Amino acid sequence: MSARGDRFITPRSPVEGLRRRNLSFLPVFAQAVAAVAPAGAMSVIPALVFPGLAFGSNGPNPVVTFGVAMAVMVLVAFCLRPMAKRMAAVSGLYSYTAKGLGQRTAITAGWSAMFGYGLVAMASLLLVGIYVAQMFTNLGVPAADSKIFTVLVVLAAAAGASLLMVRGIRISAWFTLLMETISIGVLAVLMTVYFVFNPSKFNLGNVFTWNGNLDALPIGIVVAVSAFVGFESPTTLGGEAYRPFATVPRAITWTPILMGTLCILAVTAQDAALKEAPLSIATSSTPLSDLFSQASPAAAAVLDLGIAASWFACAIASVNALARIFFCMGREGVAPKIAGRTHPVFRTPSMAILSVMPVVAAVPVVVIISGVSPYQGLVSLLTLGAYGYLGSYILASASLPFFLRRIGESTYSSWIVGGITTLAVGALFWTAAAASIRTGSLQTVVYAGVLLASVLYATFLRLRFPKRLESVGIYDETRELDLFQGRPTP
């Protein structure tokens, strides 16, 4: 049989226009690392689940909360890994779900994933503005109008991120990896110095104390999960990675383990420190910065810059992943076709990037201008983003056994792992949603509205444009030229 006659070989890739097979393992891993924003998440998210903040004095134990979140995310990684080893996806979980559970379910998974990426990117830009403004305050040069200054920082960050993303994934990946490495180093050095000079404040006994409050644990885990979400984003680089079936699975496996270890260490240190801090610091939207500014405003300013850089990298990585899902939808015809266009020189999904960035930048600007508490804004954005990720994780995990069965590689272990992970993530999502509804929060209602809209849209496509719906799930297929060259053509 000729290459052209083989149904697994195509003369043109459905995602043609992207720069194919040019990313080594490090840039792919950098995408995952930047998406979880280790330095930023370690500095901000532990304070959001710290007892006495979001949950009152009977909040969940932070170490237990992050430990459970890490275990759940590792299970999700084990579900995604087999699919990543068999499919060079450009839209990640969206494509996996299409091949496992069908196109209509994939629409919901894709919308949920884009919702998650978008909300985390919005929170990231908001944090960039907050920490840059705090940095100038610690340096003794506060802005005359803090709101206007913060808005300008957010807009400048959004413009800079857009430029880097349009310029190319390789450049943005290396930039984000550099930012994260420096930020983690700064945070580690400052925390070590703090406890060397304040040894009496490090009480591990209080850190591991369990208060028996199970009611707040599910919501606490959902907030903690936001420190891990994005680890799967390398699955959107299957078409651009040099060895996608090796580098992508490796990146999504090790990232949640690395992130979990760093977060548990960070939350242990911060729990010990913040329990001894004044209430005004513990309830601040920039608790670590306020803690360090008591002793050394200059050190606090350095920390602010590192945290801002980490969240800037997170915004880039999140929008990179979001844009590639939107790009695939544009190619499939289930989103505006303009989103499926690539840059003629840089070969990036430039139109998808430029389409979503105004929305991503507008939300944090509205939060700042409206006068909403930065803390409340962050909790809402990160929790909603976590809902989006969890929804896509549930569907992608459930897809695993069906995906493998479709290609004739079904195993008992895939049914067991897929079932356990789906039930674990589903139970976490359900209990958190129920607890949120009991407290009168609208976050669950907002996310339910997104899910309902996706189902209605998929039904509309099924009735009016069935051919478009059938095209859902494109990926970087093997080309004829790939068979006759040592390295796939770009």
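Hey, fewest Cβ within 10 Å first, where do Leu187, Leu125 land in order? Let's see the in-between values first.
Values: Leu187 24, Leu125 31.
The fewest-first ordering by Cβ neighbours comes to Leu187, Leu125.
With a Cα cut-off of under 19 Å and a minimum spacing of 8 residues unless on different chains, the lysine pairs in the chain number 4. The phi-based Karplus calculation (6.51 cos²θ - 1.76 cosθ + 1.60; θ = phi - 60°) puts the 3J(HN,Hα) values of region 122-139 at 4, 4, 5, 5, 4, 5, 4, x, 5, 6, 5, 4, 5, 4, 5, 5, 5, 7 Hz, whole numbers, x for Gly and Pro. The modelled label-to-label distance for the pair Ser370/Ala156, using points 7 Å beyond Cα in the direction of Cβ, is 2.6 nm.
Quick one: helix 169-197 against the long Cα principal axis of the chain, what's the angle to the nearest 10°, folded into 0 to 90? The helix 169-197 is inclined about 20 degrees to the chain.
Sorted fewest first by neighbouring Cβ atoms within 10 angstrom, Ser24, Ser392 come out as Ser24, Ser392. Hey, what angle do you get for helix 297-332 against the long axis of the chain, alpha-carbon based, 0 to 90 degrees rounded to 10? Tilt of helix 297-332: around 20 degrees. Close amide-amide hydrogen proximity is noted between Leu23 and Ala241, Tyr242, each under 5 Å apart and 5 or more residues distant or on a separate chain (H modeled in the peptide plane; Pro and chain starts excluded).
Counting each DSSP H run of 4 or more residues in the chain as -39500 (n - 2.57), what helix-only mean residue ellipticity at 222 nm follows after dividing by all residues, to the nearest 500 deg cm²/dmol? Could you put the intermediate results ahead of the total?
Details: 18 runs with 341 residues, N = 490.
Helix contribution divided over all residues of the chain: -24000 deg cm²/dmol.
Exposure proxy ranking for Val166, Val189, Val248, Val345, based on other Cβ atoms within 10 angstrom of each Cβ and starting from the fewest, stands as Val345, Val189, Val166, Val248. Computed from Cα positions, the angle between helix 62-84 and the longest principal axis of the chain comes to roughly 10 degrees. A run of the chain free of exposed loop cleavage sites, with trypsin sites (Lys or Arg not before Pro) counted only in DSSP states other than H, G, I, E and B and at most 12 other beta carbons within 10 Å, reaches its longest extent at 13-490. Amide hydrogen proximity for Ser471: with H placed 1.01 Å from N in the peptide plane, no residue at 5 or more positions away or on another chain lies under 5 Å. For region 342-490, the Stokes-Einstein estimate of translational diffusion at 4 °C and a viscosity of 1.567 mPa s comes to 66 µm²/s, using the Kirkwood hydrodynamic radius over alpha-carbon pairs.
Just so you know, all these numbers are worked out from the coordinates, no wet-lab data involved. None of these values were measured; they are calculated from a predicted model. Positions of Cβ are backbone-derived with ideal geometry, glycine not excepted, and every protein chain shown enters the neighbour counts.
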